[in-house]
Amino acid sequence: DAGITQSPRHKVTETGTPVTLRCHQTENHRYMYWYRQDPGHGLRLIHYSYGVKDTDKGEVSDGYSVSRSKTEDFLLTLESATSSQTSVYFCATGGTYSYNEQFFGPGTRLTVL
Amino acid sequence: DAKTTQPPSMDCAEGRAANLPCNHSTISGNEYVYWYRQIHSQGPQYIIHGLKNNETNEMASLIITEDRKSSTLILPHATLRDTAVYYCIVRVHYSGGSNYKLTFGKGTLLTVNP
């Protein structure tokens, strides 16, 4: 499996506060992704990156921003957390091409009170 | 991407082969079949993918019918640790467009029993 770590693994925060989740990979993969997983909705793509400083929106991007200043790091920021953003967040990486298989990190469980 | 249909749940005895079916009757010629699984509270895990020939790796075998309308994932000797939700996904292999996206359906919950 690709070396993917996510931090923090668990976080509890309050409504209105900014939150940043970090994904770090050691495989030099070009593509990186952020998904959220909620009961009844499965996995949904938030944002993805196809290179350093190259990012694009997924299907549920409202309220989220991302940054990728280095190949190995992909940050997800909740600018002002809301209770609807309580979820499990997964980072994934892919290879050189967008259709390469994706490898997932262990997830971050975020609770917004 | 073509839609897939999987049974919601299956049981398997430990040590026996687990055969997980997937129907993808609307698959097009340039779409590959992918399998992922998600063990409870973990991130999804890539298992295997194929186009039309049978594929095997250290985790599983993938059998795709000649007309490519269905496939079967085979775990040859299931263990308790194989209990997970298994997802069958079809996607095209070309750069660009929206094919970066993995669309996970509801999958099949495989329960391996002792």
Under 1.5 on a/c is rounded, so check that first for the stretch A:34-108, then, if it is not, pick prolate when a/b is larger than b/c and oblate when it is not; a ≥ b ≥ c are the square roots of the alpha carbon gyration tensor eigenvalues. oblate
Mean-square fluctuation maximum in Gaussian network of chain B, Cα pairs under 10 Å, restricted to B:Ser70, B:Ser61, B:Ser25, hits B:Ser25
Could you derive backbone 3J(HN,Hα) for the stretch B:87-93 from the dihedral phi with the Karplus parameters 6.51, -1.76 and 1.60 (θ = phi - 60°), listing whole Hz in sequence and x where the residue is Gly or Pro? 10, 9, 9, 10, 7, 7, 10
Can you give the net charge of the other residues whose Cβ lies under 13 Å from the Cβ of A:Arg9, counting K and R as +1 and D and E as -1? +3
Using each residue's phi in the stretch B:55-66, evaluate 6.51 cos²θ - 1.76 cosθ + 1.60 at θ = phi - 60° and report the 3J(HN,Hα) Karplus result to the nearest Hz, with x for Gly and Pro. 10, 9, 9, 5, 9, 7, 10, 10, 10, 10, 5, 4
Within 10 Å of each Cβ in peptide B:41-50, how many partner chain Cβ atoms are there on average? Round it to a whole number, please. 5
If you take the square roots of the eigenvalues of the alpha-carbon gyration tensor of the stretch B:32-104 and sort them as a ≥ b ≥ c, do you get rounded (a/c under 1.5), prolate (a/b over b/c) or oblate? oblate
Of A:Lys11/A:Lys57; B:Lys52/B:Lys106; A:Lys57/B:Lys3; A:Lys70/B:Lys3, which pairs sit farther than 32 Å apart, going by alpha carbon to alpha carbon? A:Lys70/B:Lys3
With +1 at each Lys and Arg Cβ and -1 at each Asp and Glu Cβ, the charge dipole magnitude of chain B around its Cα centre, to the nearest 20 debye, comes out at 260
HN-Hα J couplings of the stretch A:81-93 from phi, Karplus 6.51/-1.76/1.60, θ = phi - 60°, integer Hz, Gly and Pro as x? 4, 10, 4, 5, 8, 4, 5, 9, 10, 10, 9, 9, 10
For each cysteine in the protein assembly as shown, check whether another cysteine's C-beta sits under 4.7 Å from its C-beta; list those where none does. B:Cys12
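Read-outs throughout are calculated quantities, based only on the coordinates presented, and are distinct from any laboratory measurement. Owing to the predicted nature of the structure, the values given are computational and were not obtained by experimental measurement. Because the Cβ atoms are built from the backbone with ideal geometry, glycine has one as well, and the counts that use them run over all protein chains shown.
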